[in-house]
Each structure stands twice: as C-alpha cells, then as structure tokens.
C-alpha cells in the first residue's frame, strides 16, 4: 500500500519484433505494462503511473504519471517499433518526469523493460544508478529478449548502484512457453517489497495458473463454478454408483432380454458417438454411461447438464441420450443389466474395438478394462448370493 | 554572519527549536539507511557521539525540516568529526521539496563554512533578518572537511524564537449577556 509514482520505460526498438515471447516481444511487453498499471492503481488508489518509450526517434514521454488507467491503456495503442533503445536517456527522462510529479509525498519508482542490447558503458550506468539513489528513486529492471555480451552484467551493476535496502529489483526472464506477464506476476516487482502480494496480483496469478489447466477437469472453478461442480459431483456419483453396482445383484430377469437389446442399441450408439473423438473423450464416455445408470431422482439435473453438453455436438447422440434417460427413468433394475454387460469383458472389448478412435491395445484402454473387470468379479460373486433375493423382489 | 555576535553564548530568548519541528515532514536526501537523520536531530541521539548522520552515494546531504509554527532562526550548531564533518553548509528558508538538481537554482538565504570550532559545538549565527518568518528550513551540506566520500554529522541544533502567535489555550468563550 505504498504511495508511489511509477514511470514505466518501454523498449520499442527493432529487437522487439522477435516472436520468441508471446505473440511478439512488443506485445508481451504491452501486456505486462497493462498488468503493472492495474496492480499499482489497485494497491493504492492514489498511486500514479506514467509511460515513456526509449527507442524510436528518441525518448518520448507518452503519458505523465496519472492514476487514470484508461489514459495509460490508450497510449499503448499505435506505438511504432523501430530504432535503438537509449537506456541512459530513458532513465534520466523518467527521473525528471517523476521529479515533477504533482503529489510530492509519493515515492519515486522507475520500471525499465530492457529487451535489446545495452550500448552504454558500465561506468555510465553506475553513475546514473548513484544519481537515482541520491534522489531516493527506486528502480526495477526487467531483463528479457536479447542477451548479448555483458548486458546482464551491466544491468546488475546498475541495480547495485541504485539499490538501497533491497527496494530495487532485477528480474531475468528467458524466452519460454509462459507469457512475460505471467512470469512477472510472481516477482517482487508485483508483490511489492515483502508486504505480501496485493489482492490483484494474487487473483491474477490464480487465473493465469488455471489457464494452464492445473485443474482437475480443465475447468477453473473461478471461471465456471457450476460446470466444475457438476463435473465433480458426477465423478463422485459415478464412483459411488460403481461401488453400489458391485454390491447389487445382476438381475437375471426376463426383462434383461428386452431391456438388454434396447440398452445394447443405445449403448453402442452412445459409445460410438461419445468416444469417437479421441482418447481423452473416453472419460466423458464413462461418465455419460454412469450418468445414464444413476439414480434418476438425485442426479437428473446433473445428467441434463452433462448430457446436453455432449448432445450439442451430435444429434444421433442426443437421440441416444434421450432414450437412455427415458430408460433409466422408468426401469431401475435395468441398471444391473448395464453393469453386467460392462462386466462382460469380451463384450466391452468388442465395442471398444469397433470404435474408430480407440485402440484396444492402448494402455489406457487396458487400464479401464482392468478396472471394469475388477468390479465385475465381486459382482459375479454377489450375483449368486443375491439370486434368492431377486426372486423376492419380483 | 556577524562575527561580532557572541560566539559561545546563546542569546536570551533563543530557545532550542527542537520542540517546533514537524517530525512527520522531516526528510533527508542521500542519507545512509543505517545512519539516518534522527541520529543528528533528536534529543538524546544527537548527544551520542557514536550515532551519526551519514551520507550514502556521495558526500552531499539535503535536509528538509518543516516547523509546526512560524519561527525566527537565530543560530545553528553543526557538530561533526574533524575530517568527515561538514564544511560548506547552505541554508534555504521556506523552500519546499528541493532536490540536488535545483540547489543551485536560487541563492541560499545564508551560507556557512564551518571551522573546527564550529564542529566542536560553537554556534554559527545566521543572518537573522533573512530568517524572520520561517516555516521550513532546508540545509544543504555541500562538502566535508577532508573531501572524503562520506560526510558524517553528529549533531544539528537550531536556536531561535517563535513568532507571536495566538495562544489557543488562552481563548475564552465570550459570555452571553
């Protein structure tokens, strides 16, 4: 919550055309600038941020320190790439801009994006650093992009000259899959000097992490809580149902014949449609099967959610789903049929073999088969036990 | 600076202006974080010879002291060591938020070159007429005695008097008749 005036120095030199970061180095930089502006203004509403460019025809101040985020975002538009970065002049102009800030109580901070080679001498940079320290200006350096002889060394020397009690930082960001702004989120530039991350930075980091699918179902609970909840509940119910099915008797009822055929057709259809895409659809397939066999009362809503998602893709699948929903609604005993059918190893493998996208020799397929089989074994044992009970039921 | 003025004795009615310093606005540029300004200004700290105000990046120091009320400045005491104590001291009255870049932009209200006597505690009398209506004082220490990289100041004391201001305690409510 430090009251701060910040000047951000952007590198818009020719080196920024390179695409090794994000869409282009320049675009990655622009995203990072937006993030920083947001974080600063959120941590303290009286904070001001200004922007200047270091390359092009010369150092140019785009916007003087202001707390108006819209102005800052607007000035990032239509920036041209070209020329060479002039680091020394850029920092000095930033210092001047900060000196003339309106609220003299604000701390002065400069954030520099150094993406192209640094042509100044180390001595020059050290002197600039000393001058900054003398005027109690803190400096954050983002070292990315080009990494030629001595650049890192020069920047480290500059930081050492400015640094007063660890208030200034340098961050080295190599090219990689992660976006520049995402990497910056975890650095002290965002999190402040040990004050703890601002709420903005923390939530932005969480969202970024979710985007890289660190979540169970590939759905960030923050973004879509209902879908995430539906998926999770359906998974749990499927597991519970499988356990219950293992205990239930496979009813050797006459209905099995009739219901079985219908179920056969629906299951085959659904199987072929549902898992035809790829291996990662297999989970959805199993879930969908589980859905159709679930207690209708409790999971009807979830069924609808799950099924409507899948059905949207395929009209035949939709028909199959409808049939299965009707079936499960009227005949709970047919649930047992399904489990028995699944338990039949040969039946399952024949289905899977007929699916265009699934290879029975695929290890993950074998895993699934194995798990089905292990459930079918206790089932068969209990079949015999509960045979008398079935007759009572009927 | 009038050399004829009494060198050692503080004039009558001149008080130590320590009580009138507005501590929330006190600033010092280029001070070392381990040896900050309170070491030289605050009661108790400034008497301790081990606690000094030291400069950081180079030998110059810029000290800004606002006051809680308007004062007249009569003299100052700057104490330091023989080699590292300050030499040239420039005083600016009522200039807010100066920086090292604009110290040369306007002439100082007074300049003092400190001798060894001064560094031992002899007060420097200032041009009283220039300091009649002081709300804030900026002290610019330009260099030190030996020209070393770091300037060390052991004590800074300000002597003067207050301008007649309304004594709020004496205000009484007018009786309604």
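Derivation of every value follows stated rules applied to the coordinates shown; laboratory data play no part. These numbers come from a predicted model, not from an experiment. No Cβ is skipped: glycine too gets one built from the backbone with ideal geometry, and neighbour counts run over all protein chains shown.
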TODO: Using only alpha carbon pairs under 8 Å that are at least six residues apart, calculate the relative contact order of the range A:4-192 and give it in whole percent.
DONE: 25
Task: Label point distance in nm, residue A:74-residue B:113, each placed 7 Å from Cα along Cα→Cβ - done: 5.7
- [ ] Considering Cα pairs under 8 angstrom that are at least six residues apart, work out the relative contact order of chain B and quote it in whole percent.
- [x] 35
- [ ] Report the FRET efficiency, 1/(1 + (r/R0)^6), for residue A:17 and residue A:46, where r is their Cβ-Cβ distance and R0 is 45 Å, rounded to 0.05.
- [x] 0.75
TODO: Would you mind calculating the gained length between residue B:47 and residue B:175 on full extension (0.36 nm times residue separation, minus the Cα-Cα distance), in nm to one decimal?
DONE: 41.1 nm
Task: Estimated [θ] at 222 nm from DSSP helical runs (n ≥ 4, -39500 (n - 2.57)) normalised by residues in chain B, nearest 500 - done: -1000 deg cm²/dmol
Open item on the list: Taking R0 as 60 Å, what FRET efficiency do you get between residue A:3 and residue A:236 from their Cβ-Cβ distance, rounded to the nearest 0.05?
Closed with: 0.75
- [ ] Just rank B:28, A:75, A:37, fewest to most, by other beta-carbon atoms within 10 angstrom.
- [x] A:75, B:28, A:37
TODO: Can you tell me the FRET efficiency between residue A:367 and residue A:149 if r is taken as the Cβ-Cβ distance and R0 is 51 Å, rounded to the nearest 0.05?
DONE: 0.45
Task: Spacing of the two label points (7 Å from each Cα toward its C-beta) at residue B:135 and residue B:106, in nm - done: 1.2
Task: Burial ordering of A:152, A:138, fewest other beta-carbon atoms within 10 Å first - done: A:152, A:138
- [ ] Would you work out if the range B:15-158 is rounded, prolate or oblate? Take a ≥ b ≥ c from the square roots of the eigenvalues of the alpha-carbon gyration tensor; rounded if a/c is under 1.5, else prolate when a/b is larger than b/c, oblate otherwise.
- [x] rounded
Open item on the list: Can you classify the range A:4-192 as rounded, prolate or oblate using the Cα gyration tensor, where a ≥ b ≥ c are the square roots of its eigenvalues, rounded means a/c under 1.5, and otherwise it's prolate if a/b beats b/c and oblate if not?
Closed with: rounded
